[in-house]
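Trainee: Input: one structure, supplied below.
The values are calculated or read from the model by the stated rules, or taken from the named source; none is laboratory data. Remember, predicted model here, so these are calculated numbers, not experimental data. Here Cβ is always computed from backbone atoms with ideal geometry, including for glycine, and neighbour counts include all displayed protein chains.
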Amino acid sequence: MVKEEKQEEQKHEHVHDENCKHNHEHHQHDQPAPEISQELMFKLQMFEQQMQQFQQQLQAIEQGIGEMNVLNNGLDELVGAKDKEIFAPIGRGIFARAKLISEDLNVDVGGGNMVKKTIPETKEIISEQIKKLEEVKGELEGSLEKFGKEFEKMIREEQEKRKA
């Protein structure tokens, strides 16, 4: 089909003006594609930045959920470990050997306030925090999906403009 179009073009090597009587449809591919407007480029860049922000937030939430699950599992190891030796985290990957003298935990409930909690009570607090993070993750995923649909709509509208 491409060969036929080239042969057609060669047969019609004359000035194309309003006096021409033949069909010009086969010459449409000679016209350059319309350029992307600056406004569209700006919108695309904004969408890209917002998508990256959504993805970073999602990643942070997923990391938080993972850390909370690890913490919850770690608490299981403390059950029945009274008077046993453990490695207590000091910070930044530093651990001290320590003897667990009680299964009661001091839990920071915000603002530097420490409250004494049992392991099951602490696990319940962590489970509630995980649940809240899961809710935020769901909301964020919904926003991301809605945002993606808006992006697709904008692209479709731009394609429609180009066809017209």
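Trainee: Which pairs have Cβ atoms under 7 Å, sit 6 or more apart or on different chains, and link a residue in region 123-135 that is under 16 Å from Leu78 (Cα atoms) to one that is assigned to a helix (DSSP H, G or I) and of a type outside the set (Val, Ile, Thr)?
Mentor: Lys123/Asn72; Lys123/Leu75; Ile126/Met68; Ile126/Leu71; Ile126/Asn72
Trainee: Would you call Gly80 within 23 Å of Lys132 (Cα to Cα), over 31 Å from the mean Cα position of the chain (by Cα) and in a loop (DSSP other than H, G, I, E, B)?
Mentor: no
Trainee: Something else about it: Let me spell it out: the conditions are (1) of a type outside the set (Lys, Arg); (2) at pLDDT 90 or above; (3) over 30 Å from Gly138 (Cβ atoms), and Val70 meets all of them except one. Which number is the exception?
Mentor: Result: Val70 passes all but (3).
Yes or no, residue by residue, for (1) in contact with a Gly (Cβ under 6 Å, 6 or more places away or on another chain); (2) modelled with pLDDT under 90; (3) closer than 30 Å to Ser37 by Cβ:
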{"site": "Gln56", "(1), (2), (3)": "no, no, yes"}
{"site": "Ile65", "(1), (2), (3)": "no, no, no"}
{"site": "Leu75", "(1), (2), (3)": "no, no, no"}
{"site": "Glu128", "(1), (2), (3)": "no, no, no"}
{"site": "Phe147", "(1), (2), (3)": "no, yes, yes"}
{"site": "Lys153", "(1), (2), (3)": "no, yes, yes"}
{"site": "Arg162", "(1), (2), (3)": "no, yes, yes"}
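Trainee: Here's another thing I want to ask about it. When Gly112 is evaluated against the numbered criteria (1) surrounded by 12 or more Cβ atoms within 10 Å (Cβ to Cβ); (2) free of Cβ contacts under 8 Å to residues at least 40 places away in the same chain; (3) not β-branched (Val, Ile, Thr), which criterion, by number, is the only one it fails?
Mentor: The failed condition is (1).
Trainee: Could you check region 83-100 and list, in sequence order, the residues that are in a strand (DSSP E or B) and among the acidic types (Asp, Glu)?
Mentor: Glu85
Trainee: Another one. I need every pair where a residue in region 63-92 that is in contact (Cβ under 8 Å) with a residue 12 or more places away in the chain and within 17 Å of Glu121 (Cα to Cα) has its Cβ under 8 Å from the Cβ of a residue that is in a helix (DSSP H, G or I) and of a type in the set (Ser, Thr, Tyr), sequence separation at least 6 or different chains.
Mentor: Asn72/Ser127; Leu75/Thr122
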